[in-house]
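See structure below.
The values are calculated or read from the model by the stated rules, or taken from the named source; none is laboratory data. All values reported here derive from a predicted model rather than from experimental measurement. As a convention, Cβ positions derive from the backbone with ideal geometry for all residues, glycine included, and neighbour counts pool all protein chains shown. Protein only, heavy atoms only, side chains kept; ligands, DNA and RNA dropped before computing areas. Shrake-Rupley method; radii C 1.70, N 1.55, O 1.52, S 1.80 Å.
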Amino acid sequence: DKGKQIKSEKIRDAEFTTYIFQSDEFSKTLDTIFPDPQEGFEKAEEPKAKKPPRKLEWLVGQSGPLLIVGNSRKGVEKVLARMGGGNVPGLSEQANFSTHYGPLFRSADVYGWVNWKTFMDFAMKKPKEPEEKPKRGAFDPEAILKGLGLNAVQSLAFSLENSTEGVSGNFVVSVPESQRQGLFKIISFPQKESAPPPFVPADATKFSRWRLDMPQAWATLEKTLSEVHPVLAGTVKLVMDSAGKDKDPNFDLRKNLIENLGDDIVNYSKSPKNGTLADLNSPPSITLIGSPRPEPLAASIKALATPLLPPQAKMKEREFLGRKVYTVNLPSQPGPRGGGAGAAKVDRSISFAATGAYVAFSTDTAMLEEFLRGNQEKQLRDFSGLASAADKVGGMGTGLFGFENQKETTKSTLEILRKESGTLANLLATTPLAGRLGMGEDQNKFKEWLDFSLLPPFEKISKYFHIGVWSGAVKADGFHFQVFNPTPPGLK
């Protein structure tokens, strides 16, 4: 009706319609529906650079039960030939695909696969030698890909499956062990105990534990940098060799800091204390860095950080239950826009202390002191349903494990969104999206689209939420990640 060009043709006895258009027609349509409020205000000497439009063709047709949409006639013809029993190679004959089919794809509701090796082979393909060789730049793309180890990736695969037990997902990065280098050696970790330690309380809403060998990871990082960018590697080495020596000539960053790192990184958080957007964005949390010698590690962090702090930020030291607690003020953050008490600047600080086999870091003083007191009456590891859910992702001994109490996190989110609906409307009304939708900075217009105060009380929908777990494992064929959300008890 609009005069756009189309044509009809038969491909192996199936009727196909080809729609022909220019690539910029989509953006023109969007600009008509959602005009840019800044349009026409650009400076004459700075016009927007626009790419020339490309001719696009989409073939749409039906064959048997399949609706087929493609941008390649040859590709469509291969599909039709395969459907008709023709001798055309299929994806199932790809080794990188078939290895995933049984364990990941066979019973999945949704799955996807990327032949990453094909992309890398194309990216690594060297162009024909020019008459005059160009000078190698500071960053050589081929050296970067090899140094990071991206050229060793064979494929990416994911799947999702919904069953009566719950929803499970898998993601696999296929990198054979013999070919791993760079990034994949840095983040590799052994299959070690990754369950919540006894000090993690039962009211933690999120938890993660990663058994990464940090000294080994740092050594691999330095080696990778030397391969990818020798100049940058030299700069890092210079910084490492000179750090802290202005205060103490005998200070050795590698010996005092790197060698005192362990192979355990634990993080957990709790529900926001107050019902504000700022609390929702940054709930109380604590991060624990494992160490065979936590006291020297904490002292080294203090020695390294002190000379790097701005003049107005001072490292404070105090005693708490016989342990040294170091605190430093962080730059203030502006509160949410839109007026009200939340508009004031938010003062922040970070504290850290050594205890047991960890150095603990937190921006919430009460959270850190609670951890230092210890003696948790109820532990997360005893949370109802955690063990059975963990079995669905390979258990809690894979070296990487995480948990979320989705019931509690959703409850906090809904309650705060309902309470802070006006503040949130003010915030969103100042975004580029609001201007694009023609709302300007009028929060009342925004409320016509989204009014968070109309969200239901959580008690009415609580039965739809429960917990979620996830894990990671490094195996001979690559990196495996699994997630599982068990069916909430209220829905069984």
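A compact table of results
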{"quantity": "Range in the chain, longest, excluding exposed GluC sites (Glu not before Pro) [loop by DSSP; at most 15 other beta-carbon atoms within 10 Å]", "calculated": "194-376"}
{"quantity": "Estimated D of the stretch 193-245 in µm² per second, where Rh is the Kirkwood radius over Cα pairs and Stokes-Einstein applies at 4 °C, 1.567 mPa s", "calculated": "91"}
{"quantity": "Cleavage-rule hits, trypsin sites (Lys or Arg not before Pro), the stretch 365-431, DSSP coil, Cβ neighbours within 10 Å at most 14", "calculated": "LYS378"}
{"quantity": "Zero-based 5 Å bins, Cα pair distances in the stretch 364-403, whole percents", "calculated": "5, 18, 21, 16, 16, 16, 8, 0"}
{"quantity": "Cα-Cα over 30 Å, subset of LYS50/LYS447; LYS192/LYS255; LYS10/LYS50; LYS2/LYS447; LYS419/LYS492", "calculated": "LYS50/LYS447; LYS10/LYS50; LYS2/LYS447; LYS419/LYS492"}
{"quantity": "Using alpha carbons only: equivalent-ellipsoid semi-axes of the chain, gyration tensor based, whole Å", "calculated": "45, 33, 30"}
{"quantity": "Efficiency of FRET from Cβ geometry, SER282 and GLN312, R₀ 30 Å, rounded to 0.05", "calculated": "0.90"}
{"quantity": "The stretch 348-443 - Rg over Rh from alpha carbon coordinates, Kirkwood radius", "calculated": "1.14"}
{"quantity": "Flagged links, alpha-carbon separation over 30 Å, of LYS324/LYS475; LYS237/LYS270; LYS28/LYS146; LYS270/LYS314", "calculated": "LYS324/LYS475; LYS237/LYS270; LYS28/LYS146"}
{"quantity": "Share of carbon and sulfur in the accessible heavy-atom surface of the stretch 338-492 [1.4 Å probe, %]", "calculated": "52"}
{"quantity": "Estimated FRET transfer efficiency (ARG348, VAL239; beta-carbon r; R0 22 Å; 0.05)", "calculated": "0.25"}
{"quantity": "Length added when fully stretched, ALA387-ASP252, from 0.36 nm per residue minus Cα-Cα", "calculated": "44.3 nm"}
{"quantity": "Where THR17, THR363 fall by accessible area, highest first, once all protein chains stay in place (1.4 Å)", "calculated": "THR363, THR17"}
{"quantity": "Rounded accessible area of SER349 (nearest 10 Å², 1.4 Å probe)", "calculated": "30"}
{"quantity": "Extent along principal axes [Cα atoms of the stretch 262-324; Å; largest to smallest]", "calculated": "38, 34, 24"}
